[in-house]
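The values are calculated or read from the model by the stated rules, or taken from the named source; none is laboratory data. All values reported here derive from a predicted model rather than from experimental measurement. Cβ: placed from backbone, ideal geometry, glycine included. Neighbour counts: every protein chain shown.
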Amino acid sequence: MNWHDAVRRATKGLPNEIGVLRTPPSFLTAARLGSVPFLMYLVGGGLYFYGLALYLSVLLTDVLDGHLARKLGMSSRFGSYFDATTDFVVVFGMFLAFEPAGFVPFWVLVVIVLFFAQYIITSLLWGRIRDPLGKHYGTLLYGAVGLRFLVSGPAFDEVVSVAIAVFSAAAFIGRMMYLQRVSSEVSSGQTE
């Protein structure tokens with residue numbers, strides 16, 4: 001498969017207009033995305049109580065957007081990518097905001113970027129695929145950020161860094177094994 005075919009396959013079914021953002025699930029996702037600068041400002045200013053309150057509302061919109069999309073029959077390829085990209089921006093923004101306080105070393109930010117890039121690239125090349133550990137990876141990152149509002153200190157920061165490194169490696173290996181299995185099944189004519 002060449003690059004043009006991969007892009008065509010990945011964008012098949014995407015809306016040709018911005019109207020999809022007017023759906024309730026996409027509106028919630030857009031609100032979550034729009035909250036990132038405010039979250040970063042609150043954390044950067046040491047206003048953790050207000051940051052935690054806003055962060056909890058961000059978590060609520062993350063749960064609600066997917067639930068609404070399924071319940072209202074509005075699930076789409078665009079919505080899936082928009083949600084995943086917004087999750088990445090929220091998590092990365094929060095880790096970046098906490099980074100000056102020593103929450104995680106810079107290399108953890110690089111790992112998070114590489115993991116997201118790997119997800120997007122493999123999704124573009126193989127189409128929208130099941131990611132067995134991806135959802136749990138996102139939950140781990142969201143949870144680490146949420147706990148950081150409540151717990152701080154070098155021991156906690158070290159545990160979070162190691163957990164992210166281990167889980168990132170496991171998730172990457174799991175995704176590659178899954179893709180290898182799917183590729184083998186497709187080349188031999190089998191399907192799931």
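Listing for the model above:
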quantity	calculated
All positions within the stretch 145-162 that are surrounded by 15 or more Cβ atoms within 10 Å (Cβ to Cβ) and under 16 Å from Ile112 (Cα atoms)	Val145, Asp157, Val160, Ser161
Candidate set from the stretch 1-33 (those that are closer than 22 Å to Thr139 by Cβ and out of contact with any Ser or Thr (no Cβ under 7 Å at 6 or more places or on another chain)); member that is modelled with the highest pLDDT	Ala30
Condition met for Gly153 (at pLDDT below 90, within 21 Å of Pro100 (Cβ to Cβ), over 21 Å from the mean Cα position of the chain (by Cα) and not hydrophobic (A, V, I, L, M, F, W, C))	yes
